[in-house]
Amino acid sequence: MDVRDAVESDVETLGAIADLPADALRNVVHDRTVRVAEQQTTDTESHTDAHDETNRLTTSGEQTGNEADESTAEESNENKPDIIGFVAFDVRDGTVHVTQLAGEATIAETLLSEPIRFAATEGFDVEFVVPMSEENATAAAENAGFEPIGRGPRFGDETTTRYRFDAE
């Protein structure tokens, strides 16, 4: 697994992972630090049609319908990594705030090291509000060393727990 900065061409995939509209994730990518975890794959079947279309447009520069262009795009997809999770965070009032985390628990735990590393470098703490239903995020936070510090705000009808990591 590799971790890299998110780019705008990732928003469709991030939206699918987080079950959020791509437009919302586009704003997140523009306004926050977003890091994605990706895993190399050689199975072109695992790519979604939207992901393949994005890659085809990126690879060929435009959709031409030309079989040679499509063949080239499919070949390049064979080695394109799959995004398997992401973390978004920003800084407010001297605290790093994790605003989104998606992926299986072990992947999410690895991704949490990104805001932790940033916070440690800057001398900040990290906070993360996790809805009760997000078991992967809860497990990742606890395994990464976050401590529950009380209730967080309600997200709709869902209660949350506020977690804190003292990075100093």
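The values are calculated or read from the model by the stated rules, or taken from the named source; none is laboratory data. Please read these numbers as outputs of a predicted model, since none were measured by experiment. Positions of Cβ are generated from backbone atoms using ideal geometry, with glycine treated the same way; all protein chains shown enter the neighbour counts. What goes into the accessible areas is simple: the full protein's heavy atoms, side chains included, and nothing from ligands, DNA or RNA. Shrake-Rupley method; radii C 1.70, N 1.55, O 1.52, S 1.80 Å.
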- Query: Where in the range 94-161 are there strands (runs of 3 or more DSSP E), lying fully within it, with 2 or more residues that are surrounded by 16 or more Cβ atoms within 10 Å (Cβ to Cβ) and modelled with pLDDT of 95 or more?
  - Reply: 95-103, 125-131
- Conditions (1) outside any strand (DSSP E or B); (2) at pLDDT 95 or above; (3) on the phi > 0 side of the Ramachandran plot; number of the one not met by G65: (2)
- Query: Do we have F165 as over 22 Å from G15 (Cβ atoms) and at pLDDT 95 or above here?
  - Reply: yes
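Let's see how each residue does on (1) within 15 Å of the chain's Cα centre (by Cα); (2) among the charged types (D, E, K, R); (3) under 23 Å from D19 (Cα atoms):
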{"site": "H97", "(1), (2), (3)": "yes, no, yes"}
{"site": "I107", "(1), (2), (3)": "yes, no, yes"}
{"site": "L111", "(1), (2), (3)": "yes, no, yes"}
{"site": "A119", "(1), (2), (3)": "no, no, no"}
{"site": "D125", "(1), (2), (3)": "no, yes, no"}
{"site": "E134", "(1), (2), (3)": "yes, yes, yes"}
{"site": "T138", "(1), (2), (3)": "no, no, yes"}
{"site": "I149", "(1), (2), (3)": "no, no, no"}
- Note on the structure: Checked pairs for the range 123-135, first without any contact (Cβ under 8 Å) to a residue 40 or more places away in the chain, second open to solvent by less than 50 Å² (accessible area, probe 1.4 Å) and of a type in the set (D, E, K, R), C-beta under 7 Å and 6 or more apart or across chains, list as none
- Item | Selection within the range 21-34 - closer than 19 Å to H97 by Cα, open to solvent by 40 Å² or more (accessible area, probe 1.4 Å) and not acidic (D, E) | A24, R26, N27, H30, R32, T33
- Identify the residue in the range 1-15 that is among the aliphatic types (A, V, I, L, M) and either open to solvent by less than 80 Å² (accessible area, probe 1.4 Å) or in contact with a Lys or Arg (Cβ under 7 Å, 6 or more places away or on another chain) (or both) and, among all such residues, is nearest to A37 (Cα to Cα). V3
- Query: Does F118 satisfy being under 19 Å from D93 (Cα atoms) and aromatic (F, W, Y)?
  - Reply: yes
